[in-house]
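Trainee: Would you mind keeping the following structure in view while I ask a few things?
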Amino acid sequence: MKRVFSGIQPSGELHIGNYLGAVQNWVKLQTQYECLFCVVDLHAITQPYDPATLSSLTMDMAVSLYAAGLDPEQCIVFVQSHVAEHTELNWLLTAVAPLGELERQTQFKDKAQRQESVPMGLLAYPVLQAADVLLYKASLVPVGEDQVQHLELMREIARRWNARFADAYFPEPQALLTKTRRVLGLDGKAKMSKSLGNTIGLFESPEAIWEKLRPAATDPARVTRKDPGTPEICNIFTLHQGFSPPETVEEVADKCRTAGWGCIDCKRKLADNMIATLAPMRERAAALKRDPAGVLERLRAGAGRARDLAQRTIAEVREKMGFLHG
Ligand code: SF4
């Protein structure tokens, strides 16, 4: 069975944007592939962050992943820093990682511009990503559009390492292009993001969900109820595609184009479907939060399974790179 690796930042509880953009898809993938899903806390420290909150944000993300449906019986969920082999392979890959290409990465240039003093970790971010995936010889990586350049670099690092040390040892990871949705914030302008305050949390109450959805941005062409709209440019329609059954999505598109209903009717329908989908997740999250020791235990078990795989790779890589046995 092909192996899939994907990571998510320890940004606290999931919101519907990162649920629809990644995790909803992961829940499906765990039944089709051998999957490893990782909370990438080592990546998080390449940006300014608060050491006082890193562990609680990591824990909240882990709770979110389990509550959203990742099942430790079906996939491996773990925290990146709990498997030290990630940092070891990261260093070993710096022997072949091309500096010029790292410097040309769009994300590096964007983020570096915003920092007075640029930490090396920001430049090496894609090398650690390559280590994450190659450590498990994963052949598939679910990626968003903004990660395609990093995946290409990961493939380049694998090629260079193979050419230098052991032909065809690391598989060149392929993008797993699956249907995920890019959800805008409730303001309809920017990507949904906690720092912009335009999100709905995965575990919010039905009342809070409706309070946030009611004033959310729609197609601005629908000034009055009689004005027809274009569902494809409305974020509420995108959310229907994530939370409503196909027949409702069709109904929404039709009634929007023909001005068959008002935006508030459309949002009420969305709220009902969203609340119904999220209710079991909210219950699971509440149970998990009552048992933090149990969550940690699950994460430790996940890290143990990941480490077993990682240690095998590291032993082989060390040998092929010519290190003296310790
Ligand atoms: S009817 Fe629905 S899809 Fe159309 S603009 Fe209003 S909220 Fe958006």
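Trainee: Any idea how far apart Gln113 and Met1 come out in nm if each label point goes 7 Å out from Cα toward Cβ?
Mentor: Those two pseudo-labels are separated by 4.4 nm.
Trainee: Can you compute the charge dipole magnitude of the chain about its Cα centre, using +1 on each Lys and Arg Cβ and -1 on each Asp and Glu Cβ, nothing else charged? Give it in debye, rounded to the nearest 20.
Mentor: 260
Trainee: While we're here: For every helix of n ≥ 4 consecutive DSSP H residues, a contribution of -39,500 (n - 2.57) applies; sum these over the chain, divide by its total residues, and give [θ] at 222 nm rounded to the nearest 500 deg cm²/dmol.
Mentor: -16500 deg cm²/dmol
Trainee: When you take every Cα atom in the stretch 201-326, what is the radius of gyration, and what is Dmax, the widest Cα pair distance, in Å?
Mentor: For the stretch 201-326, the Cα-based Rg and Dmax read 23.9, 77 Å.
Trainee: Going by Cα centres, the stretch 120-166 and the stretch 215-284 are how many Å apart?
Mentor: That distance is 38 Å.
Trainee: Beta carbons within 10 angstrom, averaged per residue: use that to sort the peptides 104-117, 240-253, 48-61, highest first.
Mentor: 240-253, 48-61, 104-117
Trainee: Calculate the tail of P(r) for the stretch 163-224: the fraction of all Cα-Cα distances greater than 19 Å, expressed in %.
Mentor: Percent of Cα pairs beyond 19 Å in the stretch 163-224: 56.
Trainee: Right, something else. Scanning the chain for helices, which whole DSSP H stretches are 15 Å or more long along the axis (Cα) and average 1.0 or more by Kyte-Doolittle?
Mentor: 120-134
Trainee: Ok, one more. Percent of accessible area on the stretch 12-89 owned by carbon and sulfur, 1.4 Å probe?
Mentor: On the stretch 12-89, the fraction of accessible area on carbon and sulfur atoms equals 53 percent.
Trainee: Same structure, new question: Just the isolated ones, please: cysteines in the chain lacking another cysteine beta carbon under 4.7 angstrom.
Mentor: Cys38, Cys234, Cys256, Cys263, Cys266
Trainee: Quote the relative contact order of the chain in percent (integer), defining contacts as alpha-carbon pairs under 8 Å separated by 6+ residues.
Mentor: Reported as a whole number, the value is 22 percent.
Trainee: Let me ask something additional. Quick one: if you stick a label point 7 Å off each Cα along the C-beta vector at Thr224 and Glu316, how many nm between them?
Mentor: About 6.9 nm, to one decimal.
Trainee: Using only C-alpha atoms and all pairs of different ones, pull out the Kirkwood radius for the stretch 17-99 in Å with one decimal.
Mentor: Mean inverse Cα-Cα distance, inverted, gives 14.4 Å.
Trainee: Based on the Cα coordinates of the stretch 142-278, what is the per residue volume of their convex hull in Å³?
Mentor: 140
Trainee: Also, quick follow-up: Please sort 123-130, 39-46 by packing, taking for each peptide the average over its residues of neighbouring beta carbons within 10 angstrom, highest first.
Mentor: Ranking, from highest mean packing down: 123-130, 39-46.
Trainee: With a probe of 1.4 Å, find how much accessible area the stretch 1-114 has per residue, and write the answer as a whole number in Å².
Mentor: Roughly 42 Å² per residue, with all protein chains present.
Trainee: Another question about this same structure. Ranked from the most accessible area to the least, with a 1.4 Å probe and all protein chains present, what is the order of Met154, Met120?
Mentor: Final ranking, largest accessible area leading: Met120, Met154.
Trainee: Please work out the average accessible area per residue across the stretch 171-326, using the 1.4 Å probe convention, and give it in Å².
Mentor: 56
Trainee: Report the label-to-label distance for Leu54 and Trp261 in nanometres (one decimal), using points 7 Å from each Cα along the Cα→Cβ vector.
Mentor: 4.7
Trainee: Would you kindly state how much longer the chain becomes between Thr106 and Ala293 on full extension, computed as 0.36 nm times their sequence separation minus their alpha carbon distance, in nm to one decimal?
Mentor: That pair, Thr106 and Ala293, stretches by 63.3 nm at full extension.
Trainee: Follow-up. Pull up the DSSP beta bridges for the chain and report the antiparallel fraction as a percent, rounded to 5.
Mentor: Restricted to the chain, the bridges split so that about 10 percent are antiparallel.
Trainee: Could you estimate the translational diffusion coefficient of the stretch 279-326 from the Stokes-Einstein equation, with Rh from the Kirkwood formula over C-alpha pairs, at 37 °C and 0.692 mPa s, in whole µm²/s?
Mentor: D = 244 µm²/s.
Trainee: Pairs of alpha-carbon atoms within less than 8 angstrom and 6+ residues apart define the contacts here; what relative contact order does the stretch 123-214 have, in percent?
Mentor: Here the relative contact order equals 24 percent.
Trainee: So what are the radius of gyration and Dmax for the Cα set of the chain, in Å?
Mentor: My reading of the Cα-based Rg and Dmax gives 21.6, 77 Å.
The values are calculated or read from the model by the stated rules, or taken from the named source; none is laboratory data. It should be emphasised that the depicted structure is a prediction, and the values quoted were computed from it without experimental measurement. Every residue, glycine among them, receives a Cβ derived from its backbone with ideal geometry; neighbour counts consider all protein chains shown. SASA here: full protein model, heavy atoms, side chains in, ligands and nucleic acids out. Shrake-Rupley method; radii C 1.70, N 1.55, O 1.52, S 1.80 Å.
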